[in-house]
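Structure, as structure tokens:
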């Protein structure tokens with residue numbers, strides 16, 4: 001029951017994804033994630049890394065990424081790829097249903113060595129809502145450390161799930177670095193200039209923490225959610241994150 005990235009449809013139980021970031025810029029929402037998946041044996045020892053994991057997915061509600069246990073992360077993404085949730089209560093219900101299934105499954109197989117990662121698995125995602133008949137983009141996070149609800153992030157307030165190796169103090173320091181990166185959209189001359197800035201800064205940020213945390217790769221992936229649709233980048237190496245010749249894949253909203 002080990003993860004094999006060369007095969008699909010396998011029961012994935014021993015894989016882990018790491019850092020996920022979201023920034024609400026009102027005009028659009030940006031998601032970012034590193035691309036490393038860590039594979040473990042049944043004793044919890046690291047076997048190998050894969051740095052080709054595309055972690056940002058288009059769903060029926062918007063874009064979704066996350067960090068934690070790979071099986072649980074992907075199962076939730078698959079549910080939202082098939083079903084459009086109408087409100088935050090339904091989003092929460094789906095996530096909690098899938099979480100409970102995997103918690104019970106791990107308990108059944110007595111996989112106690114994975115409990116810490118399983119119970120620290122979280123998702124950052126975007127969705128569209130209507131306020132006074134106007135469409136509004138939302139950035140949200142579900143993480144067990146925040147309680148049983150869904151946290152909403154306002155403009156320029158970065159959401160992040162950091163590597164499990166990071167201490168609480170280190171996570172707070174990383175959060176401050178992210179907060180210093182964020183600038184309002186109106187400070188840029190246009191959309192392209194804004195995207196260029198964030199690709200460079202977040203790409204550099206992920207690359208800078210890569211040497212400190214074994215579960216984080218130096219490569220990353222980006223997603224952009226605008227009112228008219230979503231854009232997803234390929235895997236980007238740090239030196240490529242300073243350029244705008246990246247071929248984002250565009251998909252109109254459903």
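The values are calculated or read from the model by the stated rules, or taken from the named source; none is laboratory data. Everything numeric here is computed off the predicted structure, so don't read it as measured data. All Cβ positions, glycine included, derive from the backbone under ideal geometry; neighbour counts span all protein chains shown.
Structure notes:
- Summed over the stretch 123-148, the residues that are modelled with pLDDT of 90 or more, exposed (fewer than 14 other Cβ atoms within 10 Å of the Cβ) and under 20 Å from residue 100 (Cα atoms) give a count of 1.
- Failed item in (1) out of contact with any helix residue (DSSP H, G or I) (no Cβ under 9 Å at 6 or more places or on another chain); (2) crowded, with 19+ Cβ neighbours inside 10 Å; (3) modelled with pLDDT under 90, with residue 230 passing the rest: (3)
- If the condition is being modelled with pLDDT under 90 and more than 19 Å from residue 28 (Cβ to Cβ), then the stretch 188-217 contributes 214, 215.
- Subset of the stretch 80-89 (residues that are buried (at least 16 other Cβ atoms within 10 Å of the Cβ) and either in a loop (DSSP other than H, G, I, E, B) or under 16 Å from the mean Cα position of the chain (by Cα) (or both)): 80, 85
- Unmet criterion (only one of (1) touching a residue at least 24 places away in the same chain (Cβ under 8 Å); (2) under 18 Å from residue 32 (Cβ atoms)) for residue 150: (2)
- Residues considered: 251, 170, 165, 180. Of these, the only one that is at pLDDT 95 or above and surrounded by fewer than 14 Cβ atoms within 10 Å (Cβ to Cβ) is 180.
- All positions within the stretch 12-27 that are more than 18 Å from residue 206 (Cβ to Cβ), modelled with pLDDT under 95 and out of contact with any helix residue (DSSP H, G or I) (no Cβ under 7 Å at 6 or more places or on another chain): 14
- Residues of the stretch 126-143 that are within 14 Å of residue 95 (Cβ to Cβ) and in contact (Cβ under 8 Å) with a residue 40 or more places away in the chain: 127, 140, 141, 142.
- Residue check for residue 208: touching a residue at least 40 places away in the same chain (Cβ under 8 Å), surrounded by fewer than 20 Cβ atoms within 10 Å (Cβ to Cβ) and out of contact with any helix residue (DSSP H, G or I) (no Cβ under 7 Å at 6 or more places or on another chain): no
- Residue check, residue 38 out of contact with any strand residue (DSSP E or B) (no Cβ under 6 Å at 6 or more places or on another chain), in contact (Cβ under 8 Å) with a residue 60 or more places away in the chain and crowded, with 19+ Cβ neighbours inside 10 Å: no
- Candidate set from the stretch 90-122 (those that are touching a residue at least 60 places away in the same chain (Cβ under 8 Å) and closer than 22 Å to residue 19 by Cα); member that is surrounded by the fewest Cβ atoms within 10 Å (Cβ to Cβ): 113
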